[in-house]
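Worksheet: the structure to be examined is printed underneath.
Read-outs: derived from the displayed coordinates by stated rules, not from any lab. Predicted, not measured: the structure shown is a model, and the values here were computed from it. Cβ coordinates were reconstructed from backbone atoms using ideal geometry, including for glycine residues, and neighbour counts include every protein chain displayed.
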Amino acid sequence: MPVLQEFFAGLKGFEWDAGNSDKNWLSHQVQQAEAEQALLNRPVVVAADRRHSQREPRFFTLGRTDRGRHFTTVFTVRGDRVRVISARPMSRAERRIYGQVKSTPEADS
């Protein structure tokens with residue numbers, strides 16, 4: 001899973017579906033702003049979610065919020081907007097991967 005430094009270049013913002021926003025809060029206590037931070041803060045790991053990309057390309061990230069919470073966020077890109085599908089705390093395995101990426105010199109560029 002590479003760190004893609006410019007994955008979000010050219011995107012103008014976020015598009016939220018009320019159902020997804022409510023689901024993220026009710027299931028995982030993740031607020032919209034936190035999910036956005038986890039996508040935009042560096043370092044972030046971005047990978048394709050091929051298993052769930054039948055109708056449109058989906059991606060997932062491993063990232064952290066301004067308060068240091070670590071999230072896995074699934075999203076798609078629609079036009080110039082990021083549409084968050086789900087956001088949840090990272091699993092132990094995901095935290096290990098993220099920790100390995102954080103320790104590389106290029107992770108903060």
#### Entry: Long-range neighbours under 7 Å by Cβ, at least six apart or interchain, first residue touching a residue at least 60 places away in the same chain (Cβ under 8 Å) within region 64-82, second of a type outside the set (Lys, Arg) and crowded, with 17+ Cβ neighbours inside 10 Å
82/39; 82/75
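For (1) outside any strand (DSSP E or B); (2) not small (Gly, Ala, Ser), each residue gets a yes or a no:
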position: 43; (1), (2): yes, yes
position: 46; (1), (2): no, yes
position: 51; (1), (2): yes, yes
position: 60; (1), (2): no, yes
position: 63; (1), (2): no, no
position: 77; (1), (2): no, yes
position: 85; (1), (2): no, yes
position: 88; (1), (2): no, yes
position: 100; (1), (2): yes, yes
### Task
Filter region 74-89 down to residues that are closer than 14 Å to residue 29 by Cβ and not charged (D, E, K, R) and give me whichever is surrounded by the most Cβ atoms within 10 Å (Cβ to Cβ).
87
### Total residues in region 50-61, condition under 16 Å from residue 82 (Cα atoms) and surrounded by 15 or more Cβ atoms within 10 Å (Cβ to Cβ)
4
### Single condition residue 90 does not satisfy, out of (1) closer than 19 Å to residue 18 by Cα; (2) in contact with a His (Cβ under 7 Å, 6 or more places away or on another chain)
(1)
### Query
What are the residues in region 44-82 that are in contact with a helix residue (DSSP H, G or I) (Cβ under 8 Å, 6 or more places away or on another chain) and within 16 Å of residue 15 (Cα to Cα), if any?
58, 73, 74, 75, 82
